[in-house]
Amino acid sequence: AAPHAAPQVAPQVAPKASSPQTWRIVAEAEVRRDASEATPSLGRRAACSLVRAVKEGDWLQLVEEPGFVRAASGGKALAEVVPSYRTVGHGGCAVKHAYQITDPRECTAAGAAAGVAVVFDEM
């Protein structure tokens, strides 16, 4: 089944590395004073909590509070970017610097996040 054509809903293109993004902490994490395990702990973030941060190597520099949280260790992700969605209206995704959603499950989730009802045609 194909979704109706308008309005299009798409994840925004990832911002530049220096732009803050929303991240979901995968497992409980220490907030460190600096981007090093050797620096003092400033507290903890629970698994599934959201933080606004800028990625710097394997670390996330928090932007709404002081400190750093590990984003990855030994090739394993400890935090993941939370996608943001928006309607792009006329002109299509490429014109709006976004990419088109082609997976029905992601389309439904994006529609809910953007406040748009998603209706699929019967085949």
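Look through the range 1-47, keep the residues that are among the hydrophobic types (A, V, I, L, M, F, W, C), open to solvent by 80 Å² or more (accessible area, probe 1.4 Å) and at pLDDT 95 or above, and return whichever of them is nearest to G75 (Cα to Cα). So the residue we want is A38.
Look at L60 and say whether it is more than 16 Å from the chain's Cα centre (by Cα), surrounded by 13 or more Cβ atoms within 10 Å (Cβ to Cβ) and modelled with pLDDT of 75 or more. For L60, the condition - more than 16 Å from the chain's Cα centre (by Cα), surrounded by 13 or more Cβ atoms within 10 Å (Cβ to Cβ) and modelled with pLDDT of 75 or more - is not met. When L50 is tested against the conditions (1) open to solvent by less than 70 Å² (accessible area, probe 1.4 Å); (2) modelled with pLDDT of 75 or more, the lone failure is (1). Is there a residue in the range 88-104 that is open to solvent by 70 Å² or more (accessible area, probe 1.4 Å), at pLDDT below 75, part of a helix (DSSP H, G or I) and of a type in the set (G, A, S)? Yes, the range 88-104 contains a residue that is open to solvent by 70 Å² or more (accessible area, probe 1.4 Å), at pLDDT below 75, part of a helix (DSSP H, G or I) and of a type in the set (G, A, S).
Go through the range 30-74 and give me each residue that's outside any loop (DSSP other than H, G, I, E, B) and hydrophobic (A, V, I, L, M, F, W, C).
Filtering the range 30-74 down to residues outside any loop (DSSP other than H, G, I, E, B) leaves 30-32, 41-45, 50-56, 59-62, 68-70, 72-73.
Of everything in the range 30-74, those that are outside any loop (DSSP other than H, G, I, E, B) and hydrophobic (A, V, I, L, M, F, W, C) turn out to be V31, L42, L50, V51, A53, V54, W59, L60, L62, F68, V69, A72.
The values are calculated or read from the model by the stated rules, or taken from the named source; none is laboratory data. The shown structure was predicted, so the numbers you read here are calculated from the model rather than taken from an experiment. Here the Cβ is made from the backbone with ideal geometry for all residues, glycine too, and neighbour counts use every protein chain on show. The accessibility values were calculated without ligands, DNA or RNA, using every heavy atom of the protein model including side chains. Shrake-Rupley method; radii C 1.70, N 1.55, O 1.52, S 1.80 Å.
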